[in-house]
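The structure appears right after this line, and notes come after that.
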Amino acid sequence: MPVSTAIPTPSQDRHAGQAMRRGAAGRCPSCGEGRLFTGYLRVKDECPSCATELHHHRADDGPAYVTILIVSHLATVVMLAMFTMYRPSTTVMLTVLCGGTLVLSLLMLPRIKGAWVGFQWAKRMHGFGHGHEDRSTADDPQATGAAR
Ligand SMILES: [Zn+2]
């Protein structure tokens, strides 16, 4: 009697870089066609184009942490450069830096979250390892071990 295994074969490998690029573009990491998000940051339950289940993602606070890490480092460099080169007033510094970090954060967050979800999909994390044939067990929280 053949025993099924959850370990993917090499032919089932998913390209992480491609999945992350597709996710960063706001597209399904599997097909690259369907939209990943409904609204600003809410991930769709499944791809409208290829029906890949996307609800398995567990992005949590990860994309926010990465966004803060990148934006704060950029803001530090800009702040130092602005101050040493132009010596602007406090009002100008605050306005430019607060506005810049706000806009940059809002632009980067969905892209980083999309890449995050794409990476999880490519590495078969949190229930993404199940194919369409496992839909019955993938919907069972005890079978996947994931809470949504
Ligand atoms: Zn898709």
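The values are calculated or read from the model by the stated rules, or taken from the named source; none is laboratory data. Values in this document were obtained by computation on a predicted structure and should not be read as measured data. FYI the Cβ positions are ideal-geometry reconstructions off the backbone, even for glycines, and counts take in every protein chain you see.
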- request: Working carefully through the options A59, A81, find the one that is surrounded by 15 or more Cβ atoms within 10 Å (Cβ to Cβ) and small (G, A, S).
  value: A59
- prompt: Do you know which of the residues in segment 56-71 that are small (G, A, S) and closer than 18 Å to A122 by Cβ is farthest from the ligand (Cβ to nearest atom)?
  reply: G62
task: Could you please find all residues in segment 101-144 being in a helix (DSSP H, G or I), more than 27 Å from L69 (Cα to Cα) and either among the hydroxyl-bearing types (S, T, Y) or modelled with pLDDT of 55 or more (or both)?
output: S136, T137, T144
- prompt: Applying the selection to segment 27-37, what residues are within 12 Å of the ligand (Cβ to nearest atom) and either surrounded by fewer than 16 Cβ atoms within 10 Å (Cβ to Cβ) or aromatic (F, W, Y) (or both)?
  reply: C31, E33, R35
task: Check E53 against each of (1) away from the ligand (no atom under 13 Å from the Cβ); (2) under 18 Å from F119 (Cβ atoms); (3) modelled with pLDDT under 95 and name the one condition it does not meet.
output: (1)
- prompt: Quick one: which of L109, L80, L74 is away from the ligand (no atom under 13 Å from the Cβ) and within 30 Å of F128 (Cβ to Cβ)?
  reply: L109
- request: Tell me, please, whether a residue that is acidic (D, E) and either within 16 Å of the ligand (Cβ to nearest atom) or part of a helix (DSSP H, G or I) (or both) can be found in segment 5-26.
  value: no
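Per-residue answers, yes or no, for (1) under 14 Å from the mean Cα position of the chain (by Cα); (2) at pLDDT 95 or above; (3) over 20 Å from A115 (Cα atoms):
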| site | (1), (2), (3) |
| --- | --- |
| A16 | yes, no, no |
| K44 | yes, no, no |
| A59 | yes, no, no |
| V77 | no, yes, yes |
| M82 | no, no, yes |
| T90 | no, no, yes |
- prompt: Residue check: is Y40 away from the ligand (no atom under 13 Å from the Cβ), modelled with pLDDT under 95 and aromatic (F, W, Y)?
  reply: yes
